[in-house]
Amino acid sequence: LRADYDKIIQIMQNLADNAFNYTLGEGLITLGAYHEAEHKAVVLYVKDTGVGIPESVGERVFDRFFRGDEYQEVKLDTPGTGLGLSIVKSLVEIHGGSIWYESEVGKGTTFFVRLPVVEESAALSQSNN
Ligand SMILES: Nc1ncnc2c1ncn2[C@@H]1O[C@H](COP(=O)(O)OP(=O)(O)O)[C@@H](O)[C@H]1O
Ligand SMILES: [Mg+2]
């Protein structure tokens with residue numbers, strides 16, 4: 001991957017925090033990754049069985065200071081500034097990646113992060129610079 005590991009951990013930590021914060025009571029949180037040869041990319045994902053995000057929110061979920069106060073009561077109990085996902089999106093884009101999510105209210109949410117893979121020889125010559 002082109003991204004350094006600290007940044008990847010920061011991205012996953014933020015998404016996992018949200019998965020925990022927005023899952024009430026019993027739930028299941030799954031972290032995973034798969035390789036996409038055709039995109040020369042790796043997709044990381046964080047899936048939860050939480051409260052979900054209404055379709056009307058769309059891309060606003062990535063806006064700075066956006067919190068789900070229009071539809072969520074959980075947010076009152078969860079610490080947060082509404083900055084997490086905007087920072088995650090910047091980090092992903094700085095590394096040439098993309099982020100998107102799928103969600104169903106009452107069922108859960110999955111956030112996906114696609115990061116480009118670099119050839120090992122390219123990665124080596126980069127680190128020698
Ligand atoms: N996994 C998730 N499930 C449901 N809602 C989520 C999830 N992740 C984020 N959200 C919604 O998006 C909003 C913004 O998330 P974020 O930028 O991380 O800010 P914060 O967690 O500080 O509120 C949250 O307040 C919440 O309403
Ligand atoms: Mg958050």
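FYI, it's all coordinate maths here, none of it is from the lab. In this text the structure is predicted, and so the values were computed from the model without any measurement. Please note: Cβ atoms are built from the backbone with ideal geometry, for glycine as well, and neighbour counts cover all protein chains shown.
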With DSSP loop assignment and no more than 16 other C-beta atoms within 10 Å, the GluC sites (Glu not before Pro) in the range 20-119 are 26, 73, 119
PRE zone check, label point 7 Å out along Cα-to-Cβ of residue 30, amide N under 15 Å, scope the range 83-107, hits 102-104, 107
Candidate cut points under trypsin sites (Lys or Arg not before Pro) in the range 1-48, DSSP loop plus at most 12 other Cβ atoms within 10 Å of their own Cβ, are 40
Under the 7 Å Cα-to-Cβ spin-label approximation, residue 40 and residue 83 lie apart by a distance in nanometres of 3.5 nm
Taking Cα atoms only, helix 84-94 is inclined relative to the longest principal axis of the chain by an angle, in degrees rounded to 10, of 20 degrees
With Rg from the Cα atoms and Rh as the Kirkwood inverse mean 1/r over Cα pairs, the chain has an Rg/Rh of 1.02
As straight-line cross-link partners of residue 107, the qualifying aspartates and glutamates (C-alpha separation under 17 Å, not fewer than 8 residues apart within one chain) are 26, 48, 55, 73
The answer for residue 41, listing residues at least 5 apart or on another chain whose modeled amide H is closer than 5 Å to its amide H, is 36, 117
Footprinting proxy, 65, 112: sorted fewest to most Cβ within 10 Å, the residues are 65, 112
For the range 1-108, whose charge dipole is built from +1 on Lys and Arg Cβ atoms and -1 on Asp and Glu Cβ atoms, the candidate among 51, 91, 61 with its Cα farthest towards the positive end is 91
Rounded to the nearest 10 degrees, the helix 5-21 long axis (Cα) sits at an angle to the longest Cα principal axis of the chain of 10 degrees
Summing -39500 (n - 2.57) over every DSSP H run of at least 4 residues in the chain and dividing by its residue count gives a helix-only mean residue ellipticity at 222 nm, to the nearest 500 deg cm²/dmol, of -9000 deg cm²/dmol
